[in-house]
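Encoded as C-alpha cells, the structure appears first; notes follow it.
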Amino acid sequence: MTSPPGTELGLSASLAENLQNITEALAATGTQREVIEIVLAPAVQALGATAGIVLLVDQADQQLKIAGSQGYEDLNLTVWQEGKVEDHVLISDILRMQEALYFEQVGELKAAYPELERRTGALAAVSSAMLPMFLDRRPLGVIVLDFTHPHHFTSAERRFLKILAAQCAIALGRAEAIQTLEARVEERTRQLEEERAAQEVFVTFTEAVGSETELPSLVRQAITVLQSRFLGASIGYYEEEEGLWKARVWSSDMNPALIAVVSAGLPSETPIFEKVLRTRQPEFTDAWDAEREGILLSEEYGAVAGYPLLVNGELHSLLAVGLRDSRYWNEADRRLVRAVGRGLNLALERTQIARQLTIQNAELQARTQALEAFADLTRDLTLTTDPLLLIRRAQEVMLSMLADGAALYYVPEGDRWYARSQHGLPLQPELQASIDDGLPYAETHNVLIPWTTGQPFYQDVYDRDTDGLASVVDQIGATAMLPLRMEGELMGVLGFGLFQQRRWSSVDRVVLETVVQSLELALDRAAKTRRLQEERAALEAFAHFTEVVGSETDVHTLVRQAIALLGDVSTADSVYVERDGGLFKATVWNPQVDPALLARLRAGFLLERSSLAPVLQANTAAFIEHWNATAQWIEESMHFQAMAGYPIFKEGEVQNVLIIGSQTSATWSERDKGIFRAVGHSLNLALDRARHAQDLTDRTQQLEELTQELQAFTYSASHDLRTPVRHVMGFTELAQKALADTPNEKAYQHMEVVKQGALRMTAMIDGMLLLSRSGREALHPQLVNLDDLVLQAQQDAGAEFGDHPVHWDIGALPQVWGNRAMLQQVMTNLLSNAVKYSSTREVSQVRVWAQESQEEWTIAVKDNGVGFNPDYAQKLFGIFQRLHTERQFKGTGVGLATVRRIVLKHGGRVSAESVEHEGATFSFTLPKNSLIRP
C-alpha cells in the first residue's frame, strides 16, 4: 500500500520535490565541488539543519578531507575535522557498519562518543545525522547535518537522507571518473606530441643520411639533428679500443681541453659507460656531477645521456649527449635522443650489412673462380687415385691466384717434416737444401702450429724466427699454412711461401681454404676409389678361393689352395704354421721358401718374441713393415723386408698362423693388404666349415645310432610289456569269477582297480607303439583336404563321447601337402581333446580355422574347456606329460606327443595357449613350400 504524502511512511511532497531537483542538478555535474554544492545546501535547508559538512576519504593515505561545508562560521569550532580515518572513531564506525547514525537529543552524541570534544576542543551539536557514502563497496566519505535544537528524524527524512547520500556517491564517482579520463586524455595527448616530435626527428635524420654508408658522415648528421633540437648541447661519438672508450667524432662546441680527455679515452668503469655496457639500453643521468662521474672538465653540463649503438646484437659504439641549459631530462627530450639514436643505429646496421654483402660477394666470386680453376685442372684426374698428383694440381691452382712464390706439401715422419710435393719458383739453394734434408719437427712452428691446432696459420709479414731459419729465408715475405685432411684425419700441411709481404684478406683466405676443401673432397674420393679397387681385388681372391676349395674339408688341402692363390696374385712367400706346445711349426709352404728359413720354421719358433705377436690378441691380420730379422729372433729371415700374419683361432686361442713375406718391398700396399686379409678370412671360414662339417658328421652318426637304439628299445619294450599285462588281465578276470562264488566286495574292488590299471597300461603301450611308428614311418606326402580329416575327427569324437552336446564352428580349411594318415591322427587327437576337456561344460564349443601366411598354413583348434596354466604350455607336448589327474580326465599322455612328432616330421611347429578355466587353443603349422613333396 502506498503511503499518502506527508506521512512518515513516505517522502513528504517538499522532500520529494527537493530530492527531484537535486537529482536533476546532479545529472549535469562534472566536478567534485559542483556535486558537494548541489547536495549540501538543499539538504541543510530541507531538514532545517543549522549546518552541514561533507568529509571525503582520500584513498591514497586514508585521510579525511573536508570537501565542503554549509553554516559553520568557523570550521575550527566544529568536531568534524580533517585527519586519519582511524582517529575518527565515530566516522570509522559509520564506514565500517555502512549505516547512518542519528543523534536526536541533547548530550546523546557526546555520551556515545565523548572523545569527539576532547580531541577537537569543539562542542558537539545538540542533534546530528551522519550518512555514509559508498560506491561499489568502496567508502567515499560521510555527509553530516548538525542541529542546535533537538530534532526527531522521521522515517521520511531518514529515507530522504539515505537516497541523497546514495545519489551524492554516484555523482562523486562519476566526477572522479571524468577527472581520471581527462587526466588520461591530457597525458596521452602529451605523449602523442612527444612521439610526433621524436618521429619528426627520426624522419629528419633518415632524410639527411639517405643512403649514406660512410660512418663519419652518418655521425655528423646525427650531431647536426640533435643540436638543432637541443640548443647548447654537446654530442660525442665513442668507440672502444684496448679497454678505453675514445671519442672519434664530436660537436664543434666542445671545450678543447675536454676533447683532449675524451680523445685519449675513458675507461669502461666510467659510470655513464658502465651503465650502458651493463644494460645495453639508453641511460640518462640527471644533475650531472663531473667529479662523481669521473669525467673532468665536464662541469659545464647539467644532464648527460648515453645511447648504445648495436650491430648484429654486439655493442659497436656509443653516442653521448650533454645538456648545458638543463639539469634534468624530461620525457620529451628522452624520446628525441632515443629517436636519433635509433636512426643512427639503423644506419650503422645498414652500413655494416652493405659492407658484409660487398665482402661476401667478393668472397663468393673468388671462391667460384677457385672452384672453376680447380675443376678445370682436375677434370682429367677423375680416374686417378694418387694423392700426391691431386695435391700437385691444387698447388698449381693456388699459386696461379697468388703472387710469386712456392707451394710445398709437408708430412711428418719421425722427428722431421719432409716436403713430398713442391711447385713454383725455385728457392734459394740454402733454403732448398734445408727443406730437402727435412725440417725439425718441434722447431718448425710455421708447420707445427696448423698441424697441432687443425686451423690455418697466416703471416702477413713472415717472422724469420718462426722456423729457426733466419739465415736462409731472406726471400720469404709472407706465408700461409693450411692443414690437409683425408677422410677426417690429418695427413699433412699445405704451405705457401710468397716472395713479397702480403696482407691476407678475407677473400684470400676464402680462396685458399675453398681450394683445400675441394682438394680434401678429391682425396676422399680417391681414397674411396682405392678402397673399392682393393675390395674388388680381395673379393675376387675370396671368390676364386671359394671356387677352388669347393666343399673340401681336409685342412692341409685347404691351406695348400690358399698358399697357391697367394702365389698367383703376389710375389710374397707363404708358410702355414701350427701350434705344437709352446712353439709354432711350419706344416705347409710354397716351393720358393728359402731352405734355411724353412728348416728353422719346421723346427719351430716362439711367436711371442716376434712382431707378429699381435695376432695372438686380435682376430685380424698383422702387418710388419721394415722387417728386422735380428730383432725378431729369426736370423734366417734376413732377406725379407716385410712380413704379415693372419691368425686362425680355435676355441678362443690362436692355433695356426698363415704367414707371408716380401723380399722386394719394405711396405705393404693397400692392395696386398686387402688380398691377404681376404684370403686369410676365406681360409679361416673354410677351416671353420671343415671343423663344423666333421663335427656334424660325427654327431649325425651318433644321433642315428641313438635313434635306432631308442626305436628298437621302444618297439621291444612295447611288445615285451604286452605279455605280462595280458597275464595280469587274465588272472584278474579269473579272480573276479572266483570271488563271485564267495562274495568279498572289498577284494572285488581291489581286483577292479588292478584290471583298470592293466587296461590303462595297454592303452599306454598302444600309444608308445603309435608314437614309435610315427617316427619310423616314411612320409609319402600327397595333397590332403583338411575338411575330410576334420569331418572324420568329428565322427570319432562323437563315437567317443556319446550324447554330450557339441557346437562345432568349422572355418574354411585348405588343402595341404602331407601324409594323410598321420594328419588324420593329428586332427583326431586335437578335436577329441577339445571335446574331452570341455565335457564339464553344458555344451562344448569347438572352433576350427586356418590362417595363411606367405610361407605356411596355421591350423588352430579352440575349446571352451577347463584350460591350463600357460606356464606349462610346452610341457603338454612331452610324452606321458599331463596337467590333469586321471580321475579328472582319462588319458595316457601320449596323444599330444604324437601330434608334435608328426607335425615336426612335416616341417611345422606346434603351440598351445590358454587361460585357466577359460578354454584352450592348440595350433600347428604346415609349410606351403614343396620341400616335402614327392
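What are the residues in region 223-262 that are assigned to a helix (DSSP H, G or I), over 18 Å from residue 308 (Cα atoms) and either touching a helix residue (DSSP H, G or I) at 6+ places or on another chain (Cβ under 8 Å) or among the polar types (S, T, N, Q) (or both), if any?
Passing the criteria: 224, 227, 228, 229.
If we scan region 148-159, do we find a residue that is touching a helix residue (DSSP H, G or I) at 6+ places or on another chain (Cβ under 9 Å) and in a strand (DSSP E or B)?
No, region 148-159 has no match at all.
Within region 840-863, how many residues turn out to be touching a residue at least 40 places away in the same chain (Cβ under 8 Å), part of a loop (DSSP other than H, G, I, E, B) and either in contact with a His (Cβ under 9 Å, 6 or more places away or on another chain) or outside the structural domain of residue 895 (by TED's automatic domain parsing) (or both)?
Total meeting the criteria: 0.
Assuming residue 61 fulfils every condition listed in (1) within 29 Å of residue 177 (Cβ to Cβ); (2) charged (D, E, K, R); (3) not in a loop (DSSP other than H, G, I, E, B) apart from one, which condition is it?
Only one criterion in (1) within 29 Å of residue 177 (Cβ to Cβ); (2) charged (D, E, K, R); (3) not in a loop (DSSP other than H, G, I, E, B) is unmet by residue 61, namely (3).
So, in region 50-66, exactly how many residues are closer than 29 Å to residue 12 by Cα, surrounded by fewer than 22 Cβ atoms within 10 Å (Cβ to Cβ) and of a type in the set (Gly, Ala, Ser)?
The total comes to 1.
With respect to residue 671, is the statement that it is assigned by TED's automatic domain parsing to the domain that holds residue 610, modelled with pLDDT under 80, more than 18 Å from residue 593 (Cα to Cα) and buried (at least 16 other Cβ atoms within 10 Å of the Cβ) true?
Working: assigned by TED's automatic domain parsing to the domain that holds residue 610: yes; modelled with pLDDT under 80: yes; more than 18 Å from residue 593 (Cα to Cα): yes; buried (at least 16 other Cβ atoms within 10 Å of the Cβ): yes.
Answer is yes for this residue.
Restricting to region 111-147, name every residue that is in a helix (DSSP H, G or I) and not basic (Lys, Arg).
Those that are in a helix (DSSP H, G or I) and not basic (Lys, Arg): 111, 112, 115, 116, 117, 120.
Would you say residue 96 is of a type in the set (Lys, Arg), at pLDDT below 85, assigned by TED's automatic domain parsing to the domain that holds residue 144 and surrounded by fewer than 16 Cβ atoms within 10 Å (Cβ to Cβ)?
Working: of a type in the set (Lys, Arg): yes; at pLDDT below 85: no; assigned by TED's automatic domain parsing to the domain that holds residue 144: yes; surrounded by fewer than 16 Cβ atoms within 10 Å (Cβ to Cβ): yes.
In short, no.
Take the residues in region 445-475 that are in contact (Cβ under 8 Å) with a residue 40 or more places away in the chain, surrounded by 14 or more Cβ atoms within 10 Å (Cβ to Cβ) and β-branched (Val, Ile, Thr), then tell me which one is nearest to residue 395 (Cα to Cα).
My answer is 447.
Can you work out which of the residues in region 811-838 that are crowded, with 18+ Cβ neighbours inside 10 Å and not in a helix (DSSP H, G or I) is farthest from the chain's Cα centre (by Cα)?
Result: 819.
I need a count of the residues in region 555-589 that are buried (at least 17 other Cβ atoms within 10 Å of the Cβ) and of a type in the set (S, T, N, Q).
Residues flagged as buried (at least 17 other Cβ atoms within 10 Å of the Cβ) and of a type in the set (S, T, N, Q) within region 555-589 amount to 3.
Quick one: which of 43, 13 is closer than 20 Å to residue 154 by Cβ and at pLDDT 85 or above?
Details: 13 fails: at pLDDT 85 or above.
That would be 43, the only listed residue that is closer than 20 Å to residue 154 by Cβ and at pLDDT 85 or above.
Which residue, of 439, 408, 399, 348, is touching a strand residue (DSSP E or B) at 6+ places or on another chain (Cβ under 6 Å), surrounded by 17 or more Cβ atoms within 10 Å (Cβ to Cβ) and at pLDDT below 80?
348
Considering (1) modelled with pLDDT under 80; (2) in a helix (DSSP H, G or I), say which one residue 631 fails and leave the rest.
Of the numbered conditions (1) modelled with pLDDT under 80; (2) in a helix (DSSP H, G or I), the odd one out for residue 631 is (2).
Could you tell me whether region 70-89 includes any residue that is assigned to a strand (DSSP E or B), in contact (Cβ under 8 Å) with a residue 12 or more places away in the chain and of a type in the set (S, T, N, Q)? Steps first, please.
So in region 70-89, the residues assigned to a strand (DSSP E or B) come out as 70, 83-84.
Applying the additional criterion that residues be in contact (Cβ under 8 Å) with a residue 12 or more places away in the chain yields 70, 83-84.
Narrowing further to those that are of a type in the set (S, T, N, Q): 70.
Checked region 70-89: at least one residue is assigned to a strand (DSSP E or B), in contact (Cβ under 8 Å) with a residue 12 or more places away in the chain and of a type in the set (S, T, N, Q).
Within region 483-506, which residues are surrounded by fewer than 16 Cβ atoms within 10 Å (Cβ to Cβ) and touching a residue at least 12 places away in the same chain (Cβ under 8 Å)? Lay out the reasoning, then the answer.
As a first pass, look at region 483-506 and keep what is surrounded by fewer than 16 Cβ atoms within 10 Å (Cβ to Cβ): 487-490, 500-501, 503, 505-506.
Residues satisfying the conditions are 487, 490, 500, 501, 503, 506.
Yes or no, residue by residue, for (1) closer than 29 Å to residue 352 by Cβ; (2) surrounded by 19 or more Cβ atoms within 10 Å (Cβ to Cβ); (3) hydroxyl-bearing (Ser, Thr, Tyr):
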site	(1), (2), (3)
239	yes, no, no
243	yes, no, no
257	no, no, no
265	yes, no, no
268	yes, no, yes
271	yes, no, no
298	no, yes, yes
317	yes, yes, yes
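Can you list the strands (runs of 3 or more DSSP E) found entirely within region 384-468 that contain at least 2 residues being among the small types (Gly, Ala, Ser)?
Details: elements: 405-413, 416-424, 457-459.
Per the criteria, 405-413, 416-424.
Quick check on this structure: which one of 360, 369 is surrounded by fewer than 16 Cβ atoms within 10 Å (Cβ to Cβ), under 30 Å from residue 218 (Cβ atoms) and at pLDDT below 85?
So the residue among 360, 369 that is surrounded by fewer than 16 Cβ atoms within 10 Å (Cβ to Cβ), under 30 Å from residue 218 (Cβ atoms) and at pLDDT below 85 is 360.
Condition check: without any contact (Cβ under 8 Å) to a residue 60 or more places away in the chain and more than 18 Å from residue 235 (Cβ to Cβ). Does residue 345 satisfy that?
Criteria not met by residue 345.
Has region 801-810 got at least one residue that is surrounded by 15 or more Cβ atoms within 10 Å (Cβ to Cβ), out of contact with any strand residue (DSSP E or B) (no Cβ under 6 Å at 6 or more places or on another chain) and outside any loop (DSSP other than H, G, I, E, B)?
Looking for residues that are surrounded by 15 or more Cβ atoms within 10 Å (Cβ to Cβ), out of contact with any strand residue (DSSP E or B) (no Cβ under 6 Å at 6 or more places or on another chain) and outside any loop (DSSP other than H, G, I, E, B), one finds at least one in region 801-810, hence yes.
Kindly evaluate residue 317 against the criterion of being in the same structural domain as residue 215 (by TED's automatic domain parsing) and not in a strand (DSSP E or B).
For residue 317, the condition - in the same structural domain as residue 215 (by TED's automatic domain parsing) and not in a strand (DSSP E or B) - is not met.
Give the residue that is surrounded by the most Cβ atoms within 10 Å (Cβ to Cβ), with candidates limited to residues of region 322-339 that are under 55 Å from the mean Cα position of the chain (by Cα) and of a type in the set (D, E, K, R).
Keep residues of region 322-339 that are under 55 Å from the mean Cα position of the chain (by Cα), which gives 322-323, 328-339.
Keeping just the survivors that are of a type in the set (D, E, K, R) gives 331, 333-335, 338.
Numbers: 331: 10, 333: 22, 334: 15, 335: 19, 338: 18.
Result: 333.
The values are calculated or read from the model by the stated rules, or taken from the named source; none is laboratory data. Remember, it's a predicted structure, so these values are computed and weren't measured experimentally. Neighbour counts are summed over all protein chains in view; Cβ atoms, including those assigned to glycine, are modelled from backbone coordinates with ideal geometry.
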